[in-house]
Amino acid sequence: MIELIKRLPKAELHLHIEGSLEPELMFRLSKKNHIDIPYNSIEDVREAYNFTNLQTFLDIYYAGAKVLITEDDFYDLTWEYILKCVENNIIHTEIFFDPQTHTDRGIAFETVITGISNALADAKEKYGITSCIIMCFLRHLSQEEALATLEQSLAFKHHIVGVGLDSSELNNPPSKFIEVFSRAKQEGFKLVAHAGEEADFSYIYEALDLLEIERIDHGVQSIKSPALLKRLKEEQIPLTVCPNSNIELKVFDSYQQHNIKQLLDYGLNVSVNSDDPAYFKGYINQNFINLYENIDLSAADIITLVKNSFRSAFIDDELKQAYLARVDEAV
Ligand code: HPA
Ligand code: ZN
């Protein structure tokens, strides 16, 4: 089974590029850019990665991102993730970035997007990895700030496929961002949002009905509403589930209690993703391995999860069919 997990070509649909910042690179950049970080050693960093909920993680994640200053830093960050894609057999990836985490520190939008997109172009050239970029608005900030970010992004629209919504979920419901998502839709962006990670399933309804999103990031709280489950199944709305993240942030107490198998058995379109792999102890293969080792996932389940990620990707139908055929070949 572990051999199968490793051999299957995969797509990743829920990955925050700032969350792939490994402690080694964080240290190198903190020295190069003279940015203090509150750790004395790599072991120190790993010890600090002991979270009790989403917010305790976000505080550390935003502090870590402060070492990213130059275009090369964003290139190196992205390139290191691409090397993990090669290791994990990810052949298509859709990466989130949080422009406000950087522009609020005086880093130009252009610096961030250029570094990331140059690395992704090289990934295509060197490894044939296809990708796209999704810009997330920070939901703990205001809609006005999200609108200003959307405005800034328009000059770089050719690099950005969609918009998303992340950061502190509780008390920052999708309804806070109706106008900015409507504007993003008018601009032709694909729409996704984190919903039903920590907050209840009403956030998933809001994301679908008020923001008109196409995919739900996380969405595991849908289990509490039979009516919502029925709708997610009928409409085959993708849920980009992140098992390691859910365990590390205490959304579930253990892998045994994770509901991904129930969602899958119910016929929902769920996939497996790594979210913030440098913080949550592992990349996509490790997420699959942890599930396999702890819950009753069959080979057929794993293949379905992998195929769902390609089915739900923002790629044209021809490429989708070609990738699904590659999965069949590997099987
Ligand atoms: N949830 C919300 N915001 C985030 C996450 C997450 O899992 N990761 C990075 N930003
Ligand atoms: Zn996420």
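The values are calculated or read from the model by the stated rules, or taken from the named source; none is laboratory data. Predicted model only: the values in this text are computed from it and were never measured. Here the Cβ is made from the backbone with ideal geometry for all residues, glycine too, and neighbour counts use every protein chain on show. Accessible surface areas use protein heavy atoms only, side chains included; no ligands, DNA or RNA. Shrake-Rupley method; radii C 1.70, N 1.55, O 1.52, S 1.80 Å.
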Problem - Glu43 vs. criteria touching a residue at least 24 places away in the same chain (Cβ under 8 Å), part of a helix (DSSP H, G or I), under 21 Å from Asn244 (Cα atoms) and open to solvent by 30 Å² or more (accessible area, probe 1.4 Å) - result: no
Exercise for the section: Output yes when any residue across the range 66-83 is touching a helix residue (DSSP H, G or I) at 6+ places or on another chain (Cβ under 7 Å) and within 16 Å of ligand 2 (Cβ to nearest atom), and no when none is. Expected result: yes
Exercise for the section: Those residues that are more than 30 Å from Ile302 (Cα to Cα), within 24 Å of the chain's Cα centre (by Cα) and either free of Cβ contacts under 8 Å to residues at least 40 places away in the same chain or assigned to a strand (DSSP E or B) (or both), I need them from the range 1-40; list them, please. Expected result: Glu24, Phe27
Practice task
Evaluate the range 95-106: report whether one residue or more is closer than 30 Å to Ile2 by Cβ, in contact (Cβ under 8 Å) with a residue 24 or more places away in the chain and buried (at least 18 other Cβ atoms within 10 Å of the Cβ).
Solution key: yes
Exercise for the section: Return the residue satisfying two criteria in turn: it lies in the range 28-49 and is modelled with pLDDT of 95 or more and of a type outside the set (D, E, K, R), and of such residues it is nearest to ligand 2 (Cβ to nearest atom). Expected result: Tyr49
Exercise for the section: Please find, within the range 17-40, the residue that is farthest from Arg139 (Cα to Cα) out of those that are within 16 Å of ligand 1 (Cβ to nearest atom) and open to solvent by less than 10 Å² (accessible area, probe 1.4 Å). Expected result: Met26
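Per-residue answers, yes or no, for (1) within 16 Å of ligand 1 (Cβ to nearest atom); (2) surrounded by 19 or more Cβ atoms within 10 Å (Cβ to Cβ):
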residue	(1), (2)
Asp275	yes, yes
Phe280	yes, yes
Ser298	no, no
Val306	no, yes
Fill in the blank from the handout: If we take the range 125-210, then strands (runs of 3 or more DSSP E) inside it with 3 or more residues that are away from ligand 1 (no atom under 15 Å from the Cβ) and under 17 Å from the mean Cα position of the chain (by Cα) are 130-138
Fill in the blank from the handout: Exactly one of Leu83, Leu77, Leu120 is under 25 Å from Asp36 (Cβ atoms), of a type in the set (A, V, I, L, M, F, W, C) and either assigned to a loop (DSSP other than H, G, I, E, B) or modelled with pLDDT of 95 or more (or both), and that one is Leu77
Exercise for the section: Considering every residue within the range 206-220, establish whether at least one is in contact (Cβ under 8 Å) with a residue 24 or more places away in the chain and of a type in the set (Gly, Ala, Ser). Expected result: yes
Problem - Residues that are in contact (Cβ under 8 Å) with a residue 24 or more places away in the chain and either open to solvent by 20 Å² or more (accessible area, probe 1.4 Å) or within 16 Å of ligand 2 (Cβ to nearest atom) (or both), drawn from the range 233-246 - result: Lys233, Gln236, Pro238, Leu239, Thr240, Val241, Cys242, Pro243, Asn244, Ser245, Asn246
Exercise for the section: Only residues that are open to solvent by 50 Å² or more (accessible area, probe 1.4 Å) and either among the β-branched types (Val, Ile, Thr) or out of contact with any Lys or Arg (no Cβ under 9 Å at 6 or more places or on another chain) (or both): list them for the range 57-69, please. Expected result: Asp59, Ile69
Exercise for the section: Would you tally the residues in the range 2-16 being basic (Lys, Arg) and buried (at least 22 other Cβ atoms within 10 Å of the Cβ)? Expected result: 1
Practice task
Determine the pairs where a residue that is more than 16 Å from ligand 1 (Cβ to nearest atom), located within the range 248-262, has a partner that is outside any loop (DSSP other than H, G, I, E, B) and open to solvent by 30 Å² or more (accessible area, probe 1.4 Å) with Cβ atoms under 9 Å apart, the partner being 6 or more residues away or on another chain.
Solution key: Ser254/Asn294; Tyr255/Glu293; Tyr255/Asn294; Gln256/Asn294; Asn259/Ile223; Gln262/Ile223
Exercise for the section: Search the range 162-203 for residues being crowded, with 19+ Cβ neighbours inside 10 Å and among the β-branched types (Val, Ile, Thr), and hand back the single one that is nearest to ligand 2 (Cβ to nearest atom). Expected result: Val192
Practice task
For residues that are among the aliphatic types (A, V, I, L, M) and more than 11 Å from Arg215 (Cα to Cα), tally how many sit in the range 230-240.
Solution key: 0
